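Asker: This is the structure I have questions about; it appears just below.
The values are calculated or read from the model by the stated rules, or taken from the named source; none is laboratory data. Only a predicted model underlies this, so the values are computations on that prediction, with no experimental measurement involved. Every residue, glycine among them, receives a Cβ derived from its backbone with ideal geometry; neighbour counts consider all protein chains shown.
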Amino acid sequence: PSKGQLVKMIFGRREILFVLGLLSGASAFTTPRAMGVTLTKGASQISRVVPPAMSKETEEELDSDENKAEHQSYSLDMSKTIYTSSLKSPKDSYIAFAEKGAANAKMAKRKIFHQSVMGGCYVGFGGLLSLCVAGNIAGIGATNPGLVKMAFAALFPVNLLLIITTGGQLFTGNSATVAAARYEGLVDTYELLRNWSVSLIGNVVGCGIMACAAWYVGCLTGGTADLLAKTAVGKCSATVMQSFVKAIMCNWMVSLAVFLSGASNDLAGKLVGVWFPISTFVAIGLEHSVANMFLMPAALLLKLPLTFGDVLFKNIIPVLAGNAVAGAIVVAASYSYQFGRLGGKRRSIFAEKLADYERKKKEIKEKMEIRKNSPAVSTVELL
């Protein structure tokens, strides 16, 4: 008997069809769509669907689509990038960063104010949580002062996570995102200044509400009050320039936290993106203007040896200025230069120089080939 007859004798018709189906299915399901993956342009995610049964015509169509995708060049624009993970590229993260600023700036003033009040309240919650926990481990902190800082820093980022996931606004974040939107031409100067001023007022109101609430319910007592007093007095003891520089360093980290949270598409990624930069600035002891809008009024309610003038001129004003510089220049302008309009001219000049270099390189290579094939040609002629 032939090989085919032997196979039919050993296996039945159903078994043979099953094996052939597996073999043909293995090649068919190597295409992205057959694997249940839908590659979408203009979206920052991959959706999975249950693969349907496919005819031969459908398989040929998918193979054709796959070949087209392989030969299609994709730029780093949001509308053309295909994502194979939940993390955006740095350029697309910056674009999302600027678009977030544009969305915040173009809201109605009452909505900006409402979101900013909520953002100030969430900062108050984070600050109060950190004070209550870190302030009541004084016994351990006496021998391990770093542990108190770590406890404070580990808990404080809860405020930015709440703000980002619920749509709140902070002046510190807006100083970077809305500035990026301005650099990219998504908003005008009036919209930028309107957003900054309204969000700042809303943050002051929200933080003030939480400071009064914490004092009224009796949270600012014991170790919590001791740590609050030590923190507030220490902040007002620094010089104006020290507070200014600390504020620049602080909002550099805060703006990067907003940048990283926008780079991720899931909650876990946003949590990681927020936690590390925020805990970094808190553990170092840098100056965040909105956090100080909660801490300083709370300290004044405890009748510490601080005046309103000390709080305003030694801390709040220089810290606000430093935060704005960090957001608008250190972060927004830097990444606009790298990925956006501010660096567009320089990138075009670089591309022209690179093309000129490649052209000269090709010419020299051609001349070297001529010299190799024609020994009579002199080196002077090549140059």
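Asker: May I ask you to list the residues in segment 102-114 that are in a helix (DSSP H, G or I) and either within 20 Å of A328 (Cβ to Cβ) or among the hydrophobic types (A, V, I, L, M, F, W, C) (or both)?
Answerer: Correct list: A102, A103, N104, A105, I112, F113.
Asker: Just one of A332, A283, A324, A351 is in contact (Cβ under 8 Å) with a residue 12 or more places away in the chain, surrounded by fewer than 17 Cβ atoms within 10 Å (Cβ to Cβ) and either under 31 Å from the mean Cα position of the chain (by Cα) or closer than 23 Å to A214 by Cβ (or both); which is it?
Answerer: A283 is the lone residue from the list that is in contact (Cβ under 8 Å) with a residue 12 or more places away in the chain, surrounded by fewer than 17 Cβ atoms within 10 Å (Cβ to Cβ) and either under 31 Å from the mean Cα position of the chain (by Cα) or closer than 23 Å to A214 by Cβ (or both).
Asker: Please list, ordered by residue number, the helices (runs of 4 or more DSSP H) wholly in segment 143-193 having 3 or more residues that are touching a strand residue (DSSP E or B) at 6+ places or on another chain (Cβ under 6 Å).
Answerer: none
Asker: Could you run through segment 187-199 and say how many residues are surrounded by 19 or more Cβ atoms within 10 Å (Cβ to Cβ) and more than 15 Å from A324 (Cα to Cα)?
Answerer: So the count comes out to 2.
Asker: Any idea which of A291, A268, A298, A263 is buried (at least 20 other Cβ atoms within 10 Å of the Cβ), among the hydrophobic types (A, V, I, L, M, F, W, C), at pLDDT below 95 and in the same structural domain as A154 (by TED's automatic domain parsing)?
Answerer: Within the list A291, A268, A298, A263, the selection yields A263.
Asker: State which residue is farthest from G135 (Cα to Cα) when the search covers only segment 271-280 and only residues that are crowded, with 20+ Cβ neighbours inside 10 Å and over 12 Å from the mean Cα position of the chain (by Cα).
Answerer: I278
Asker: Residues that are more than 24 Å from K230 (Cα to Cα), at least 2 per element: which helices (runs of 4 or more DSSP H) completely within segment 242-312 meet that?
Answerer: 267-284
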